[in-house]
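Down below is the structure, laid out as structure tokens.
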Amino acid sequence: MITRTTLLAILLVLAGCGDAEIDPPVPLYGEDPVLYPVELWDEGLEGTTVLRVRVTDTGVVDSLEVSESSGHEGLDKAALAGARDLKFQPGRRNGKRVRMWASLPVEFSTRPRPETSR
């Protein structure tokens, strides 16, 4: 599950940005784009998988990898599978859409989320 607060924590992983004005990719999805694996629910596993995601200039994920494991292979695999189909508003450098890497934390928790005001 990726929360709106987590989205604010998306960090760009860019080399050689220099003085360029950078706008990171922005995810275009609802509140639960990566679902907790049902088969792991009864085990009560929790953790955060941090993915390194490359978003194209059209907003499609074309490459991804685990940059920080949750400590549970099943959760990491679920994060990879769920993020593969995410769509993004492309990142921009100096106003032009460009392909870039971003860091995307995916939190898995069995605890209910607190209600948030909208």
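The values are calculated or read from the model by the stated rules, or taken from the named source; none is laboratory data. Remember, predicted model here, so these are calculated numbers, not experimental data. Cβ: placed from backbone, ideal geometry, glycine included. Neighbour counts: every protein chain shown.
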- The one condition in (1) in contact with a helix residue (DSSP H, G or I) (Cβ under 8 Å, 6 or more places away or on another chain); (2) surrounded by fewer than 17 Cβ atoms within 10 Å (Cβ to Cβ); (3) among the hydrophobic types (A, V, I, L, M, F, W, C) that LEU45 fails to fulfil: (2)
- Sort out which residues of segment 94-110 are among the hydroxyl-bearing types (Ser, Thr, Tyr) and either under 16 Å from PRO27 (Cβ atoms) or modelled with pLDDT of 95 or more (or both), and write them in order of number. SER103
- Message: Condition first: modelled with pLDDT of 90 or more and under 11 Å from the mean Cα position of the chain (by Cα). Now tell me which residues in segment 27-59 satisfy that.
- Response: THR48, THR49, VAL50, LEU51, ARG52, VAL53, ARG54, VAL55
- Query: Got a sec? Which of GLY91, GLY82, GLY74 is among the small types (Gly, Ala, Ser) and over 22 Å from VAL26 (Cα atoms)?
  - Reply: GLY74
- Item | All positions within segment 78-104 that are part of a loop (DSSP other than H, G, I, E, B) and either buried (at least 21 other Cβ atoms within 10 Å of the Cβ) or touching a residue at least 24 places away in the same chain (Cβ under 8 Å) (or both) | ASP85, LEU86, PRO90, ASN94, GLY95, ARG99
- Task: Kindly indicate whether SER63 is polar (S, T, N, Q), without any contact (Cβ under 8 Å) to a residue 24 or more places away in the chain, in contact with a Lys or Arg (Cβ under 6 Å, 6 or more places away or on another chain) and within 18 Å of LEU104 (Cβ to Cβ).
- Result: yes
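Just to be sure I understand, how many residues within segment 24-59 are of a type in the set (Val, Ile, Thr), more than 12 Å from ARG99 (Cα to Cα) and in a strand (DSSP E or B)? Spell out how you get there, then give the answer.
Initially, segment 24-59 is screened for residues of a type in the set (Val, Ile, Thr), giving 26, 34, 38, 48-50, 53, 55-56, 58.
Applying the additional criterion that residues be more than 12 Å from ARG99 (Cα to Cα) yields 26, 34, 38, 48-50.
So of that shortlist, the ones also in a strand (DSSP E or B) come out as 26, 48-50.
Qualifying residue count, segment 24-59: 4.
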- Item | Matching residues, segment 60-75, being of a type outside the set (Gly, Ala, Ser), under 12 Å from the mean Cα position of the chain (by Cα) and surrounded by 15 or more Cβ atoms within 10 Å (Cβ to Cβ) | VAL61, LEU64, VAL66
